[in-house]
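One structure is given below, encoded as structure tokens.
None of the figures in this text is laboratory data; all of them are computed from the coordinates on show. Computed from a predicted structure; not experimentally measured. Counting neighbours? That spans all protein chains shown, and the Cβs are built from the backbone with ideal geometry, glycine included.
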Amino acid sequence: MTTPEVLFVCVRNAGRSQMAAALLERHAAGRVRVRSAGTAPADEVDALVRDAMAELGIDLSAERPKRLEDEAVREADVVVTMGCGDACPVFPGTRYEDWPVPDPSGKDLDQVRAIRDEIDRRVRGLAAGLVAPA
């Protein structure tokens, strides 16, 4: 059995997709290969996103937004989009999910926490379908 690969995509790769990737890495504990990217990447991960994730003991300080490349989509078993619309390429045989999660950019810390918690709920469901319990 091969390790499933999940790609999280949002516009800036500075918030939602970074949180989702970090949360799946935690919940899947190495049993899923996780990547994230953006269709128009920002220069850095949003400061309040870093703060909200640090509250869970997840350090995003070394993470940098990355540009979405076709190759990353081709290699993924599951592509989760969050607000990137039609900018994400579609390849046969790849499972796509669209999560309508608000962009944390410009939100206050309480709003970012709520977005983080919604992403965490969705990530837990995704992980449960991809890997056997540890």
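Taking amide H as placed 1.01 Å from N in the peptide plane, the amide H of Ser36 sits under 5 Å from that of Phe8, each at least 5 places away or on another chain.
Given the -39500 (n - 2.57) contribution per DSSP H run of 4+ residues, what per-residue ellipticity at 222 nm results for the chain, rounded to the nearest 500 deg cm²/dmol?
Values: 4 runs with 49 residues, N = 134.
Rounded to the nearest 500, it is -11500 deg cm²/dmol.
Of interest is the spacing of the C-alpha centroids, which for region 5-51 and region 99-124 amounts to 12 Å.
Residues in region 104-121, backbone N under 19 Å from the label point at Glu97 (7 Å along the Cα-to-beta-carbon vector): list them, ranges by number please. Flagged as within label range: 104, 114-121.
Close amide H pairs (under 5 Å, H built 1.01 Å from N) link Asp98 with Thr81, residues at least 5 positions away or on another chain.
FRET efficiency for the pair Ala42 and Ala128, taken as 1/(1 + (r/R0)^6) with r the Cβ-Cβ distance and R0 = 22 Å, rounds to 0.10.
Based on the Cβ-Cβ distance from Val90 to Glu55, what FRET efficiency comes out when R0 is 35 Å, to the nearest 0.05?
Values: r = 35 Å, r/R0 = 1.01.
Step by step, r from the Cβ atoms, then E = 0.50.
Using a ≥ b ≥ c from the Cα gyration tensor of the chain (square roots of the eigenvalues), is it rounded, prolate or oblate, where a/c under 1.5 gives rounded and otherwise the larger of a/b and b/c decides, a/b for prolate? Cα axes put the chain in the oblate bin. On the basis of the beta-carbon distance and an R0 of 35 Å, Thr3 and Leu109 show a calculated FRET efficiency of 0.50. Electrostatic tally near Arg95: other residues with Cβ closer than 14 Å to its Cβ, Lys and Arg +1, Asp and Glu -1, net -4.
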